[in-house]
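S.K.: One structure, as C-alpha cells, below. Some questions next.
The values are calculated or read from the model by the stated rules, or taken from the named source; none is laboratory data. These numbers come from a predicted model, not from an experiment. Using ideal geometry, Cβ is built from the backbone for each residue, glycine included, and neighbour counts are taken over all protein chains shown.
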Amino acid sequence: MKKILITNNSKVYEENKEKMDIIYSKEYSYLDVLTITRDKIHEGHGLMTHPLSGSVKPNETPFKSTIITKEKSNLNMEFLEIIEGSIKTAEKFIRGKKTPLWAEKILEDFKVIDYCLIKSAIESMDQFC
C-alpha cells in the first residue's frame, strides 16, 4: 500500500524523501503535523499510524511524524475520531506546559526518538502490506 509521510523532523524527511511521498516543513509544529493529518483524513486518506505513538508527551518534543494512505476512500469516522482526540490531547498538554527551548543535543535526541518510532512503523507496514 502506498503511503504519505507527514513530518516536521528533518531526520525522518532525509531518510524517506526518495522512498515515499512526504509532506514536510521544519517550520511545522507538533500540532501542525496533527492538523495536516486531520485535514488529509477529511479528504479520505486513511490513518496508518497512531498520532500519539510513543511515550514522549506532546509538550516535551517538538517533533512528530504520521503516515496516511496515499489512496483516498470515503471519510473513515474512526480515523477522524482518533486524530481529533489526539489533537485535543496534544493541545491540553501544550496549553498546560509549553515545550521547553531545548538545547540542540536534546533536540537531536528527540529527532532520533521520532525517527525510530516511524521507522519501525514503516518496516512493519512494508513487511505485512
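S.K.: Taking the residues in segment 98-108 that are among the aliphatic types (A, V, I, L, M) and not in a helix (DSSP H, G or I) as candidates, determine which candidate is nearest to Leu52 (Cα to Cα).
M.R.: By that ranking, first place goes to Leu101.
S.K.: On the given criteria, is Ile41 in contact with a helix residue (DSSP H, G or I) (Cβ under 6 Å, 6 or more places away or on another chain), at pLDDT 95 or above and β-branched (Val, Ile, Thr)?
M.R.: yes
S.K.: Then there's this: Name the residues in segment 26-45 that are part of a helix (DSSP H, G or I) and more than 23 Å from Leu75 (Cα to Cα), would you?
M.R.: Across segment 26-45, the qualifying residue is only Tyr30.
S.K.: Suppose we keep only residues that are basic (Lys, Arg) and touching a strand residue (DSSP E or B) at 6+ places or on another chain (Cβ under 9 Å) within segment 6-29. Which one would you say is nearest to Lys64 (Cα to Cα)?
M.R.: That would be Lys17.
S.K.: Restricting attention to segment 86-97, and to residues there that are among the aliphatic types (A, V, I, L, M) and either under 14 Å from the mean Cα position of the chain (by Cα) or not in a helix (DSSP H, G or I) (or both), which single residue is surrounded by the fewest Cβ atoms within 10 Å (Cβ to Cβ)?
M.R.: Ile87
S.K.: Could you please let me know if Glu14 is under 20 Å from Ser124 (Cβ atoms), charged (D, E, K, R), out of contact with any Phe, Trp or Tyr (no Cβ under 8 Å at 6 or more places or on another chain) and loosely packed, with under 13 Cβ neighbours inside 10 Å?
M.R.: The answer is no for Glu14.
S.K.: So, in segment 49-80, of the ones that are crowded, with 19+ Cβ neighbours inside 10 Å and in contact (Cβ under 8 Å) with a residue 60 or more places away in the chain, which residue ends up farthest from Asn8 (Cα to Cα)?
M.R.: Thr69
S.K.: Are any of the residues in segment 109-123 of a type in the set (Val, Ile, Thr), in a loop (DSSP other than H, G, I, E, B) and either free of Cβ contacts under 8 Å to residues at least 24 places away in the same chain or surrounded by 14 or more Cβ atoms within 10 Å (Cβ to Cβ) (or both)?
M.R.: No - not one qualifying residue is present in segment 109-123.
S.K.: Got a sec? Which of Ile83, Ile4, Ile23 is part of a helix (DSSP H, G or I), out of contact with any Cys (no Cβ under 9 Å at 6 or more places or on another chain), surrounded by 14 or more Cβ atoms within 10 Å (Cβ to Cβ) and not polar (S, T, N, Q)?
M.R.: Just a single option satisfies the conditions, and that option is Ile83.
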